[in-house]
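The values are calculated or read from the model by the stated rules, or taken from the named source; none is laboratory data. Because the structure is a prediction, the values reported are computed rather than measured. Quick reminder, even Gly has a Cβ in these numbers, built from the backbone with ideal geometry, and neighbours come from all protein chains shown. Side chains are part of the model used for accessible areas, which takes the heavy atoms of the whole protein and leaves out ligands, DNA and RNA. Shrake-Rupley method; radii C 1.70, N 1.55, O 1.52, S 1.80 Å.
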Amino acid sequence: MNILLIENDENSKLALVNLLSIEGHRVFISDNYIDGFHLVKSEDISFVIACWDGKTDDGRKFCESLRGIPGGRYIYIILTTEHDSDNDPLSGLSFGADDILLKPYDVKELTLRIKAGTRIISLEKKLEKKNRTLEAYNRRMENDLNLAAELQQSLLPEKNLIAGKCRFESLFVPCQFVAGDIYDYYSLDDSHAGFYLLDVSGHGVPAAMLSFTLSKFLSVSEFSGRSIHTRSEGKKQQLRKPSEILLELNNLFQMELNTCQYFTMILGYINTRTFEVVMSIAGHPPPIIVSAEGKSRLAEGGGFPVGFFRDIGYEDYSFSLNRGDRLYIYSDGITEICDTWEGDNGNIVMDFLSSQRDQSISNVMKNFREIIKSWNKKPELDDDFSMMVIEAGDGKNQGAG
């Protein structure tokens, strides 16, 4: 092992060099702290034996500088001093030294202390190696999570989608790399657009894996060969009731005891010409309807989350939007943040969305992202949150901005 020796007494220096050499160590010698520090930085030195100078700041600066060397290398420091010295060697321990050795040296004691220091250095090197391995794993896992986050983003619909006389916009904020929230909106035929927003219980990768599966299961694609949204009646394809689809999902994705995963969901259709909405709700927060005049109300509906009980029934809820009305659907990550905040009508989210009626739906989503940060009382989000809005109109962007 490479050892740095800083010793101002020639006899002690010779004795230490001989002893350390006999023990098989390679000894580097320095006459002062500054040169010694540069030797430690330039050579592979992990052990330092230095005479202590507690009367000036040099000894303190030396110890602190050794502890500040980057790269994770641990340097074991033994300070030496005379028995009757007034240097206060114990103060060196507070500045980063590991041990104190009094002169004149006892050969056996010195040998044992060096061996003890060597064991600590060996343990530190093993720990450093494991830390590097963990850092490599963490970097790899972070890269994988970043790729998963990109994949999840690719599953989300394009923003500012126009279908018939309806315009769609959305907001997605995961609390971790990936989220249990997923949503979509899509054209089904010349006069209907479908939409859903679901929230898988839990957070992170386990929740995201199920949300990925559900997204593909619910996807509308000409290559899929089957759409869960339609059924054949003769030569025609008819839209299924949202409640039928929720029932099918519930029976297919029953909660297992080892995972206890379930999900809440809103699924429905809107007639893009007449603005009639049909939807079914499975344990999800009720949507908010904001009228063209800025008045807000909660839509009706409710039901059990998907995965709790097999063959339970779901209901369809029908209502019509007027031109200029907006339908907001969101996950409970938003309600959890806002539970302690009350607006004039008891719902701060409804009040905010009403106040934004003169804004375009794109601006509403941007403004909502910012306002919810101020409502959140914690530095980190406890849950994912997402929101979509459907605006009944003429397909043009209503509101300012």
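Considering (1) part of a strand (DSSP E or B); (2) of a type outside the set (A, V, I, L, M); (3) touching a Leu at 6+ places or on another chain (Cβ under 8 Å), the lone condition that residue 212 does not fulfil carries the number (1). The condition of being of a type in the set (Gly, Ala, Ser) and either outside any loop (DSSP other than H, G, I, E, B) or under 20 Å from residue 196 (Cβ atoms) (or both) holds for residue 313. Once segment 141-169 is narrowed to residues that are in a helix (DSSP H, G or I) and of a type in the set (A, V, I, L, M, F, W, C), the residue that is nearest to residue 327 (Cα to Cα) is 155. The residues on offer are 49, 3, 29, and the sole one that is among the hydrophobic types (A, V, I, L, M, F, W, C) and surrounded by fewer than 20 Cβ atoms within 10 Å (Cβ to Cβ) is 29. Applying a threshold of 7 Å to beta carbon distances and a minimum spacing of six or more residues, or different chains, the list of pairs starting in segment 268-287 at a residue that is under 15 Å from residue 240 (Cβ atoms) and open to solvent by 10 Å² or more (accessible area, probe 1.4 Å) and ending at one that is charged (D, E, K, R) and in a loop (DSSP other than H, G, I, E, B) reads 278/316. Against the conditions (1) in a strand (DSSP E or B); (2) of a type in the set (Ser, Thr, Tyr); (3) free of Cβ contacts under 8 Å to residues at least 24 places away in the same chain, residue 137 satisfies every one except (1). Looking only at segment 12-31, decide whether some residue is touching a Ser or Thr at 6+ places or on another chain (Cβ under 7 Å) and under 20 Å from residue 95 (Cα atoms). Looking for residues that are touching a Ser or Thr at 6+ places or on another chain (Cβ under 7 Å) and under 20 Å from residue 95 (Cα atoms), one finds none in segment 12-31, hence no. Scanning segment 95-153 for residues that are within 30 Å of residue 14 (Cα to Cα), open to solvent by less than 90 Å² (accessible area, probe 1.4 Å) and not hydrophobic (A, V, I, L, M, F, W, C) yields a count of 13. Among the residues of segment 154-173, just one is in contact (Cβ under 8 Å) with a residue 24 or more places away in the chain, open to solvent by 30 Å² or more (accessible area, probe 1.4 Å) and either of a type in the set (S, T, N, Q) or farther than 30 Å from residue 192 by Cβ (or both), namely 160.
Within segment 370-401, the set of residues being at pLDDT below 70, of a type in the set (Asp, Glu) and open to solvent by less than 50 Å² (accessible area, probe 1.4 Å) comprises 383 only. Under the condition of being over 13 Å from residue 1 (Cα atoms) and of a type outside the set (Val, Ile, Thr), the residues counted in segment 18-33 number 6.
Yes or no, residue by residue, for (1) under 50 Å from the mean Cα position of the chain (by Cα); (2) in contact (Cβ under 8 Å) with a residue 24 or more places away in the chain:
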{"site": "15", "(1), (2)": "no, yes"}
{"site": "20", "(1), (2)": "no, yes"}
{"site": "26", "(1), (2)": "yes, yes"}
{"site": "33", "(1), (2)": "yes, yes"}
{"site": "47", "(1), (2)": "yes, yes"}
{"site": "53", "(1), (2)": "yes, yes"}
{"site": "64", "(1), (2)": "yes, yes"}
{"site": "68", "(1), (2)": "yes, no"}
